[in-house]
Amino acid sequence: MTPVVTPDLLDRVRDRLARSSDLPTPARVAAAIRAESGTVLGDADLLDALRLLQTELTGTGPLEPLLADPQVADVLVTGPRAVWVDRGRGLERTPVGFPDEAAVRRLAQRLALAAGRRLDDAQPWVDGQLPGPGDSFAIRLHAVLAPIAHGGTCLSLRVLRPATHDLAALVRTGAIGAEAARLLDRIVAARLAFLVVGSTGAGKTTLLAGLLGRVDPAERIICVEDAAELAPQHPHVVRLIARPANVEGVGTVSVRDLVRQALRMRPDRIVIGEVRGPEVVDLLTALNTGHDGGAGTVHANSPHEVAARLEALAALGGMDRAALHSQLAAAVQVVLHVHRRPDGSRALREIGVLTRSGSGTVEIVPGWRADGGPVPAAGRLVELLARADR
């Protein structure tokens, strides 16, 4: 017996729904199925078609259960039968799959549209952001279509769950030792400006959120982010989230725009979720004009790379190397380096102190180390904390 719900019928329904600007609600999908079938479908056939299409047309399709797993940080698709996840233990292949390459492409294009982006042969890659289920978290989307992606459409989804851990929780999990926790508490209380540095997935945002939770409840924190990740346990936090351009290429609100707005919002502390562009110029300017205790995260594999990384970002904002080092030395006092252990756990490795070299450039010298190694700037760190206590 010829099946009523054929691939051709499903393709026609997809085309009909794609031509409509309305959201593909179950009622609209069912109406489209009936309209394209040309016959009266039985309840069982209609439900089968509806189930198949709802999987493709709403949410993230077959990837939905993976993204809902609280342990999953990344979901990567490299082919219809190649879906991988990262739960903090490295990449693991999953049994989840797609019918064919066309299904992966359709999902990538639909997610791009939901993120306000265009993805087609003329624009074969996309970078955007999607809300998670119930807006409980956000999803950073990246996709590349074939043939640019040799072998088929590649889809990368990074789960951006709000960082809500407090300092005590980080101590309990072993991410921070008791001695380091006491030092961090004093750094926050002393209103020293700090940067949290580390590689991708090292726990920079988690540590930053934990430290912001230790800020005096009477202080007002303005958090500026590219994606809504920071959710510190603090009674007075204002969160400003950047906005990308829409499909027409307009409507951009940059992190740099928001830093400038934050300066006018009576902040006690200004925090940038991740410094990744010319906004570093505005942040350093703010920290040098009376806004002590600011913070941010910077992608760097070690403290020694921080200055070079900031030089490159400052150049985008028109600040030269000498000016960057001068502003940085006056604005930021300490750097907190977090890393990811081989077993996937995350930990604070080093507290570095910013010092000026004889040539005028900034160097980051260890003031505390988790491995008990040499800490030539330990005295300088004690001095900074003591000066703030007076």
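No lab work stands behind these numbers, since they all come straight from the coordinates. No experiment lies behind these values; they were computed from the predicted model shown. Every residue, glycine among them, receives a Cβ derived from its backbone with ideal geometry; neighbour counts consider all protein chains shown.
Sequence gap at least 6, Cα distance under 8 Å: using those rules, report the relative contact order of the chain to the nearest whole percent.
Worked out over the chain, it gives 11 percent.
Over all directions, how big on average is the projection of the convex hull of the alpha-carbon atoms in the chain, in square nanometres?
22.9
Using the Karplus equation 6.51 cos²θ - 1.76 cosθ + 1.60 (θ = phi - 60°), what ³J(HN,Hα) coupling, rounded to whole Hz, does each residue of the range 301-316 give in order, writing x for Gly and Pro?
6, 7, x, 5, 8, 4, 4, 5, 5, 5, 4, 5, 5, 5, 4, 5
Which value in nm describes the separation of the simple spin-label points at Val382 and His150, placed 7 Å from the Cα toward the beta carbon?
5.9
Using amide H atoms built 1.01 Å from N in the peptide plane, name the residues 5+ places from Gly317, or on other chains, whose amide H lies under 5 Å from its own.
none
For the range 61-160, report the translational diffusion coefficient in µm²/s to the nearest whole number, using Stokes-Einstein at 20 °C, 1.002 mPa s, and a Kirkwood Rh over Cα pairs.
159
Taking θ = phi - 60°, what integer Hz values does the Karplus form 6.51 cos²θ - 1.76 cosθ + 1.60 yield along the range 205-210, in sequence order, with x for Gly and Pro?
For the range 205-210, the Karplus curve yields 5, 4, 5, 4, 4, x Hz.
Which value in nm describes the separation of the simple spin-label points at Asn246 and His142, placed 7 Å from the Cα toward the beta carbon?
Between Asn246 and His142, the simple spin-label model gives 2.7 nm.
Grab the beta carbon distance between Asp43 and Glu101, set R0 = 35 Å, and tell me the FRET efficiency rounded to 0.05.
For R0 = 35 Å, the calculated efficiency reads 0.60.
Arranged from highest to lowest average of other beta-carbon atoms within 10 Å per residue, in what order do the peptides 254-260, 80-86, 372-378 appear?
Packing order, densest peptide first, comes out as 254-260, 80-86, 372-378.
Return, for the Cα atoms of the range 104-259, the radius of gyration and Dmax in Å, separated by a comma.
Looking at the range 104-259, its Cα Rg and Dmax stand at 18.8, 56 Å.
Each residue of the range 290-295 in turn: what ³J(HN,Hα) in whole Hz from Karplus with 6.51, -1.76, 1.60 and θ = phi - 60°, glycine and Pro shown as x?
x, 9, 6, x, x, 7
Hey, can you grab everything whose amide H is under 5 Å from the amide H of Ala300? Only 5+ residues off in sequence or another chain; H modelled, so Pro and N-termini drop out.
Gly198, Ser199
Among DSSP beta bridges whose residues both lie in the chain, state the antiparallel percentage, nearest 5.
Antiparallel bridges make up about 65 percent of those DSSP assigns within the chain.
Cα gyration tensor of the range 167-389, axes a ≥ b ≥ c as square roots of the eigenvalues: rounded (a/c below 1.5), prolate (a/b > b/c) or oblate?
In terms of gyration-tensor shape, rounded.
Please check: in the Gaussian network model of the chain (C-alpha springs, under 10 Å), which one of Ala209, Ala44, Ala314 has the largest mean-square fluctuation.
Among Ala209, Ala44, Ala314, the largest mean-square fluctuation in the Gaussian network model of the chain belongs to Ala44.
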